[in-house]
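Nothing in this text is a laboratory measurement; each read-out follows from the coordinates by a stated rule. This one's a predicted model, so the numbers in the text were calculated from it and none came from an experiment. Because the Cβ atoms are built from the backbone with ideal geometry, glycine has one as well, and the counts that use them run over all protein chains shown.
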Amino acid sequence: MKIAIASDHAGYPAKAKVIETVRAAGHEAIDLGPDTAEVSVDYPDAARDVGQAIQNGQAERGIVLCGSGVGACVAANKMRGIRASVCHDTYSAHQGVEHDDMNVLCLGARIVGTELIPELVRAFLGAQFSGEARHKRRLEKVLKMERDGE
């Protein structure tokens, strides 16, 4: 699976660990930047880059890092076809994919320790949407809200 990864300047210190974990799990990591922590990067720009990579088929899923994970999540969810969530526990990281077809994991680099990051990334990458009728029904309602601009 191809995974688009980006961060703002606050998330940058944790980005290398995410990329390393994605590759170790046998997936392709697409690093969308930044290349240094020395330049201020706004979280909406990082979220947009990951969202566009998914929208244009360059990646199947994405991971966005910012200080808390919240700003990146809010911004990513403004994009059509993106279902993002902040996950700071492994249950949410896999359950969000299994039940809600989440395609972007948002992490708070100032919240989550370096030992937990690989566990969260592996839980996210190892999960698949269940396709159960109740989950499909709920996802269709979310997609309708997106289409209708509700």
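For residue 17, which lysines qualify as cross-link partners when the Cα separation must be under 18 Å and same-chain residues fewer than eight apart are set aside? Straight-distance partners of residue 17: 2.
Explain nothing, just the number: dipole magnitude of the chain about its Cα centre with +1 on each Lys and Arg Cβ and -1 on each Asp and Glu Cβ, in debye rounded to the nearest 20. Each step should come with its number before you reach the end.
Values: 18 positive and 21 negative charges, 103 e Å.
That gives the chain a dipole magnitude of about 500 debye.
Checking Cβ-Cβ separations below 4.7 Å across the chain identifies 66, 87 as cysteines lacking any candidate disulfide partner. Candidate cross-link partners of residue 144 among the aspartates and glutamates, defined by an alpha-carbon separation under 20 Å and a same-chain spacing of 8 or more, comprise 98, 100, 101, 132. Against the chain, whose longest principal axis is taken from its Cα atoms, helix 133-148 shows a tilt of about 80°. Packing, taken as the mean count of other beta carbons within 10 Å per residue, orders the peptides 71-80, 103-112 from highest to lowest as 103-112, 71-80.
Mean separation of Cα pairs under 8 Å and 6 or more residues apart, divided by the residue count, gives the chain a relative contact order of 25 percent. Solvent-free Debye calculation, one equal scatterer per alpha-carbon of the chain: log10 I(q)/I(0) at 0.12, 0.16, 0.21 Å⁻¹ equals -0.43, -0.77, -1.32. Each of 71, 16, 93 was placed along the dipole of the chain (beta-carbon charges, centred on the mean Cα), and the one lying farthest toward the positive end is 93.
Residue order for 82, 19, fewest other beta carbons within 10 angstrom first, comes to 19, 82.
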